[in-house]
Structures are given as structure tokens and as C-alpha cells.
Ligand SMILES: *Cc1c(COP(=O)(O)O)cnc(C)c1O
């Protein structure tokens, strides 16, 4: 079942990518494993999954212990500063940085490990949409501050569109994030590149790809049903 679901998601990614003038392999599929068991994750890996996305450091730590670094691990949920030490050990990419304080702590913990890590900045698409993320009007000043930190590099933006009854209604939110990424890119801040746009989930990943996403985060379409 998981292998069929996984193949079906890959096919839909391929088709959406070609509508966007890209190839399927230009898009990174993050398999969101927050509700999945280790056995289910193993099944996804056997089907070809290469990147896992977890919401909580604690849950990820247990799964990382069982599965290890055969796959890459991305943190897609909110990160508290007191969990950063474990997070930088487990995750290859943190999608959810939304404050200077958090970025500073990630840089500090990376310095202790003598590594530099890429992060994404989470943008809130609307005041009501969700609790976390920074509002677009505050993004530029945050990025300017973060660009001075020694051990992190900003590699792009992440967003969650509001839950809407029809995925087409999420399109303007994705288009807006793409536009913000272009504005940020034009600023040429040190240590800031807009290579990745992480947007789109089970309900709307095809629309997100059409609007420029090159990382999609898909859980239910792979692990449920
Ligand atoms: C759960 C989650 C997803 C995946 O959602 P599905 O509807 O299961 O595809 C993607 N991104 C974030 C931030 C999530 O918390």
C-alpha cells in the first residue's frame, strides 16, 4: 500500500513538474512521517523514499535511532531553542526557523560541532493562517540579521498554506511566497540564497509545484489510505 501510494505521489510530482517546466527529479519529496511507525518508514524507504520530515525533535530522535542516516531527516515543525542541540545532530535541514533567537542558537550549536548548516525561513502566509512563521513584512529585516551569523546559511523559504476546500485556493499564497523569495534574492544578503521553496502538502502539492515549489512535504497521501 505505502509503495503504491509512494509511486503515485512521485507520478503526480512528475506531472506537476512538467507543467512547471521542470523535471520530477528537480523536486525533493519529503515524506512526512509524524504519524508513521518505523515499519512504515522502512516500507517507504524500500519504495525509494530518501528524505523524511518530522514535526518534533523527540519523535524524530527515536526514529533516527532505529533508522539512522540511510535517509535524510528534515525538521518541518516548530523548534524550541532548548531542543536545538539535539536537532542539529539529527536534521540535515530545518525548515521552520522564524526568529533571530532561534537562528542564533542553531548557529551556536553548529559552531560547537564545527559544521555549517543550511536552514529555511518559515513565512506565515496570513495573520490567521497558523501560529508559527514570520510575517512577510518582517522577513527582510530578519534575514538581514541572520546573514551575519557564522554557522548557518539560509537556503530558502518554507510555508504552509491555510487549509482550504479546494487546492486551487492555495495558489495565491504560494505565488506570494515565490515573489517574496525573489525580493529577498535581489537583496544579495551574505549567507542567504533562495534555492529552495518548501511548500505544498498532501492536499495541495501539485499546485505548489506549479507555483515554484521544489520541496514538497507529503504525509497522508503516502502513509494513509
Ligand atoms: C503534517 C505536515 C505536513 C504533511 O501534511 P499531510 O497533509 O499529511 O501531507 C507538511 N508540512 C507540515 C509543516 C506538517 O506539519
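For the reader, a short list of remarks on this structure follows.
- Which numbered condition residue 111 fails, given (1) within 11 Å of the chain's Cα centre (by Cα); (2) under 13 Å from residue 152 (Cα atoms): (1)
- The one condition in (1) surrounded by 17 or more Cβ atoms within 10 Å (Cβ to Cβ); (2) under 26 Å from residue 136 (Cβ atoms); (3) within 16 Å of the ligand (Cβ to nearest atom) that residue 84 fails to fulfil: (3)
- Which listed residue, of 218, 163, is touching a residue at least 40 places away in the same chain (Cβ under 8 Å), near the ligand (Cβ under 10 Å from one of its atoms) and within 13 Å of the chain's Cα centre (by Cα): 218
- Residues that are part of a helix (DSSP H, G or I) and surrounded by 20 or more Cβ atoms within 10 Å (Cβ to Cβ), drawn from the range 10-53: 13, 16, 17, 41, 44
- Checked against the criterion of being in a helix (DSSP H, G or I) and under 25 Å from residue 28 (Cα atoms), the candidates 170, 155, 161 yield just one match: 170.
- Checking residue 224 against (1) surrounded by 17 or more Cβ atoms within 10 Å (Cβ to Cβ); (2) near the ligand (Cβ under 9 Å from one of its atoms), the condition it does not meet: (1)
- Residue list for the range 178-208, filter: part of a helix (DSSP H, G or I) and within 14 Å of the ligand (Cβ to nearest atom): 205, 206, 207, 208
- Candidates 140, 106, filtered to the one that is surrounded by 22 or more Cβ atoms within 10 Å (Cβ to Cβ) and in contact (Cβ under 8 Å) with a residue 12 or more places away in the chain: 106
- Within the range 184-205, being over 20 Å from residue 97 (Cβ atoms), surrounded by fewer than 20 Cβ atoms within 10 Å (Cβ to Cβ) and in contact with a helix residue (DSSP H, G or I) (Cβ under 9 Å, 6 or more places away or on another chain) holds for 202, 203.
Read the figures in this text as sums done on the coordinates, not as results from a lab. A quick note: this is a predicted structure, and the numbers were derived from the prediction, not measured. Backbone-built Cβ (ideal geometry, glycine too); neighbour counts: all protein chains shown.
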